[in-house]
Every structure is written in structure tokens, then in C-alpha cells.
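Enquirer: This is the structure I have questions about; it appears just below.
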Amino acid sequence: MKLASLKQGRDGKLVVVSNDLAWCADASHIAPTLQAALDDWERVEGDLRNLATDLDHETIPMMRFHERQAAAPLPRAYQWADGSAYVNHVALVRQARGAELPESFWQDPLMYQGGSDGFLGPRDAIPLKDESWGCDLEAEVVVVTGDVPLGASREEALAAVRLVGLTNDVSLRNLIPGELAKGFGFFQSKPASAFSPVFVTPDALGDWWREGKLHRTLMVDLNGKPFGRVEAGEDMTFDFGTLIAHAAKTRALGAGTIIGSGTVSNRDADGGPGKPIGEGGKGYCCLAEVRTVETILRGAAETPFLKAGDTIRIWAEDDKHHPIFGAIEQTVTAD
């Protein structure tokens, strides 16, 4: 089952979307918003699935699904916590600045709590007031949970996954060092994130969702050219069950909590840093990583951060090369 929110008010209007993303049906008579559905999932899930089946059989009123009319599936959420499950990415960034990677990073996930009072839709612009802030994309996988009890096990956490999707977790890289130096975490360096047009139930992903990981290629284009073709199911040190359980160690998580994987990152076949696509590698899911590799190999970063007019596209495909979650397509604008 695929769910989306059309732009309407603060929280959107819930629709079910056909498997090919071509059509949708109004689901507001079952639950007015996706958050309302998540709050009452045990009661409404069956009705939503029946509606999705009727849509696929074309037995109910339906309308064309246009991704540009979609908000983020959850236009705002009670909680957005982003992990760093691909420790390869963290290790590279720390290596570039000569910092040692603590051994604990391989046993205990990194996680920060981001702003969730307003997310960008999949076609919304990335507003950038000052290019000196170092605007970066971060292509990631996300899950949305139901209620997760305090102290949940990994297995309990995985059972609470309701939906899977993608995000562009925008970062302002040049603001991060100053904020972290204060010892109190991110804030100004983490503006609004964007999400894929649709979120998908794990069962609809079949074997692509297993062991708490999405086993598909995460695809990233920058200014119309291939930038990343990275395998989301590889080099993921902490699966989503582990990430959710980590978040729930000292607090219960409410239905509608979004948990991010952190930037998807692959090692090269020889075990070293990933290579650009043009050099036969899988590329990258953020600019910071390619800049890090350039610094390691050539002593200085060469690839610039995003500027006004730059475009990005983030998506994942099924076996017939159709987008599974739709595509995040954004342009950076001076604001």
C-alpha cells in the first residue's frame, strides 16, 4: 500500500496511491490525514488497504496523482530523529579533518533530533539565504513508526515500522562546526528536510525490505547528471530496528515518529572510499562525502556546495525501472 498527502492546509489530505503512482483515491473519509491514520492504525489499516485494492481494480472514483501536488506524506510530525547508520560516511568525514573515529561509533548509533514542525514537499524549492553556509543534499531512507514502547527491543521496534520512504535531509555544512563546538548539537545548520511523494508499507516492498533495511539502489542526480547510485542495503552498520530501539531506550515514541538512516554511503570494492560514477564507482549521496574523498586523495575539496539554480533528484526504482516512492526533485533558490 502506498500513501501520500495532497497539499491542503497544514497537514495535507490523505490519499492512497496506485502501485504505478499514476492514480490516487481520496482516503479522507477513513482518516483525514496520515497522522490521524497512524494514530488509529489498528482500526483504519484494513479500510485503507481495501481502498488501495479497489483503486488498483479501478472500481472507485480516482484521480491522476501528480507528484508536484503532493506535500511531504507527513507535512509535519511529532518527532523526526535522524541517525547515522552508515558509519563509513562518518569515518570518511572524520578522516578528512584528522579526527580519530571512536570505537564506540561501531557499536552505538549516532542520532540527533531534528525540526519537525514543517517539512518540504517533494517538489518544493530549497531556500538558501546565504551560499556561504555550504548547502548540501543528503539522500537517505526513512521509516515511520507506530507507537513504540519505552525500552523496546530491536524486534519490537521493527514490528512498529508502518511506512518506508526517502528524504533529502538538507544540511548547511559550514554552520555545523561552530554549532558542534558549543557542545549542544545541531540547530541552525539543519533546515527543513524534504520527503518522497509517497510512503510505502513494508509488505508492499516484498524482499526489498528485509532485516530492517531497504535493499534497493538509492539514485541521486545533480544538475541532471548521475551523482549517486548507492546500495541502501549495503554497508548499513545499524538497521532500522536498532535505530528505533536506540531512540526508544529512555522514552516511548509516539505514532508518526520519523527515523532517518543518515546519508547512505558505500565503500569502494577494494574497501577504500567510494569513487565517483565517472570513475566506475557508485558515487555519493551528499556533497560532503565527495569533498571528503577529494581532500583525502588530493589534499583539498574541489566540488562546490549547492548554489541557487542547482537541481537535485532522489529516487529508488523497482525492477522495471519505475520509481517506488516517486521522486524528490528540488531546485535551490536564493531566499
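Enquirer: Inside the stretch 1-51, can you point out the residues that are of a type in the set (Gly, Ala, Ser), free of Cβ contacts under 8 Å to residues at least 40 places away in the same chain and in contact with a strand residue (DSSP E or B) (Cβ under 7 Å, 6 or more places away or on another chain)? Before you say what the answer is, go through the steps one by one.
Expert: From the stretch 1-51, those of a type in the set (Gly, Ala, Ser) are 4-5, 9, 12, 18, 22, 25, 27-28, 31, 36-37, 46; that's our starting set.
Still in the running and free of Cβ contacts under 8 Å to residues at least 40 places away in the same chain: 9, 25, 27-28, 31, 36-37, 46.
Hits for the stretch 1-51 are Ala25, Ala27, Ser28, Ala31, Ala37.
Enquirer: Here's another thing I want to ask about it. Taking only the stretch 170-189 into account, find how many residues are open to solvent by 70 Å² or more (accessible area, probe 1.4 Å), of a type in the set (Phe, Trp, Tyr) and within 26 Å of Val141 (Cβ to Cβ).
Expert: Pass one, the stretch 170-189, residues open to solvent by 70 Å² or more (accessible area, probe 1.4 Å): 174, 177, 180-182, 184, 187-188.
Still in the running and of a type in the set (Phe, Trp, Tyr): 184, 187.
From what is left, the residues that are within 26 Å of Val141 (Cβ to Cβ) are 187.
Residues in the stretch 170-189 being open to solvent by 70 Å² or more (accessible area, probe 1.4 Å), of a type in the set (Phe, Trp, Tyr) and within 26 Å of Val141 (Cβ to Cβ): 1 in total.
Enquirer: Out of Ala70, Ala77, which single residue is in contact with a Leu (Cβ under 7 Å, 6 or more places away or on another chain) and either closer than 24 Å to Ile324 by Cβ or open to solvent by 40 Å² or more (accessible area, probe 1.4 Å) (or both)?
Expert: So the residue among Ala70, Ala77 that is in contact with a Leu (Cβ under 7 Å, 6 or more places away or on another chain) and either closer than 24 Å to Ile324 by Cβ or open to solvent by 40 Å² or more (accessible area, probe 1.4 Å) (or both) is Ala70.
Enquirer: Could you please find all residues in the stretch 300-335 being under 19 Å from Thr263 (Cβ atoms) and aliphatic (A, V, I, L, M)?
Expert: Result: Ala301, Leu306, Ile312, Ile314, Ala316, Ala327, Ile328, Val332.
Enquirer: If a residue has to be modelled with pLDDT of 90 or more and either part of a helix (DSSP H, G or I) or over 22 Å from the mean Cα position of the chain (by Cα) (or both) to count, how many in the stretch 282-293 make the cut?
Expert: Of the residues in the stretch 282-293, 5 are modelled with pLDDT of 90 or more and either part of a helix (DSSP H, G or I) or over 22 Å from the mean Cα position of the chain (by Cα) (or both).
Enquirer: Something else about it: Report the residue count in the stretch 294-335 for those that are part of a strand (DSSP E or B), polar (S, T, N, Q) and touching a Lys or Arg at 6+ places or on another chain (Cβ under 8 Å).
Expert: Selection size over the stretch 294-335: 1.
Enquirer: May I ask you to list the residues in the stretch 315-335 that are of a type in the set (Val, Ile, Thr) and either buried (at least 21 other Cβ atoms within 10 Å of the Cβ) or at pLDDT below 95 (or both)? Before you say what the answer is, go through the steps one by one.
Expert: Within the stretch 315-335, the first condition is being of a type in the set (Val, Ile, Thr), and the residues that meet it are 324, 328, 331-333.
The answer is Ile324, Ile328, Val332.
Enquirer: Of the residues Ala192, Ala252, Ala269, Ala288, which is crowded, with 17+ Cβ neighbours inside 10 Å, out of contact with any Phe, Trp or Tyr (no Cβ under 7 Å at 6 or more places or on another chain) and aliphatic (A, V, I, L, M)?
Expert: Ala288
Enquirer: Among the residues of the stretch 195-214, which ones are assigned to a strand (DSSP E or B) and either open to solvent by 60 Å² or more (accessible area, probe 1.4 Å) or out of contact with any His (no Cβ under 8 Å at 6 or more places or on another chain) (or both)?
Expert: Answer for the stretch 195-214, where residues must be assigned to a strand (DSSP E or B) and either open to solvent by 60 Å² or more (accessible area, probe 1.4 Å) or out of contact with any His (no Cβ under 8 Å at 6 or more places or on another chain) (or both): Phe195, Phe199, Val200, Arg210, Lys213, Leu214.
Enquirer: Can you tell me which of Pro75, Pro61, Pro102 is in contact with a Phe, Trp or Tyr (Cβ under 7 Å, 6 or more places away or on another chain) and not β-branched (Val, Ile, Thr)?
Expert: Working: Pro61 fails: in contact with a Phe, Trp or Tyr (Cβ under 7 Å, 6 or more places away or on another chain); Pro102 fails: in contact with a Phe, Trp or Tyr (Cβ under 7 Å, 6 or more places away or on another chain).
Just a single option satisfies the conditions, and that option is Pro75.
Enquirer: Could you go through the stretch 56-67 and let me know if any residue there is more than 16 Å from Phe199 (Cβ to Cβ), assigned to a helix (DSSP H, G or I) and not aliphatic (A, V, I, L, M).
Expert: yes
Enquirer: Report, by residue number, each residue of the stretch 15-47 that is out of contact with any helix residue (DSSP H, G or I) (no Cβ under 7 Å at 6 or more places or on another chain), of a type outside the set (A, V, I, L, M) and part of a strand (DSSP E or B).
Expert: If the condition is that a residue be out of contact with any helix residue (DSSP H, G or I) (no Cβ under 7 Å at 6 or more places or on another chain), of a type outside the set (A, V, I, L, M) and part of a strand (DSSP E or B), then Cys24, Asp26 are the ones that fit.
Enquirer: With the condition kept exactly as written, say whether any residue in the stretch 84-96 is over 25 Å from Arg298 (Cβ atoms) and open to solvent by 30 Å² or more (accessible area, probe 1.4 Å).
Expert: No: the stretch 84-96 contains no residue that is over 25 Å from Arg298 (Cβ atoms) and open to solvent by 30 Å² or more (accessible area, probe 1.4 Å).
Enquirer: Can you name the condition, by its number, that Asp235 falls short on among (1) part of a strand (DSSP E or B); (2) open to solvent by 40 Å² or more (accessible area, probe 1.4 Å)?
Expert: Only one criterion is unmet by Asp235, namely (1).
Enquirer: Can you find a residue that is closer than 19 Å to Gly262 by Cα, in contact with a Pro (Cβ under 9 Å, 6 or more places away or on another chain) and among the aromatic types (Phe, Trp, Tyr) anywhere in the stretch 178-193?
Expert: No: the stretch 178-193 contains no residue that is closer than 19 Å to Gly262 by Cα, in contact with a Pro (Cβ under 9 Å, 6 or more places away or on another chain) and among the aromatic types (Phe, Trp, Tyr).
Enquirer: For residues that are in a strand (DSSP E or B) and open to solvent by less than 30 Å² (accessible area, probe 1.4 Å), tally how many sit in the stretch 121-140. Quick ask: steps written out before the conclusion?
Expert: First, the residues of the stretch 121-140 that are in a strand (DSSP E or B): 126-128, 135-136, 138-140.
Subset that is open to solvent by less than 30 Å² (accessible area, probe 1.4 Å): 126, 128, 135-136, 138-140.
Counting residues in the stretch 121-140 that are in a strand (DSSP E or B) and open to solvent by less than 30 Å² (accessible area, probe 1.4 Å) gives 7.
The values are calculated or read from the model by the stated rules, or taken from the named source; none is laboratory data. Remember, it's a predicted structure, so these values are computed and weren't measured experimentally. Counting neighbours? That spans all protein chains shown, and the Cβs are built from the backbone with ideal geometry, glycine included. The accessibility values were calculated without ligands, DNA or RNA, using every heavy atom of the protein model including side chains. Shrake-Rupley method; radii C 1.70, N 1.55, O 1.52, S 1.80 Å.
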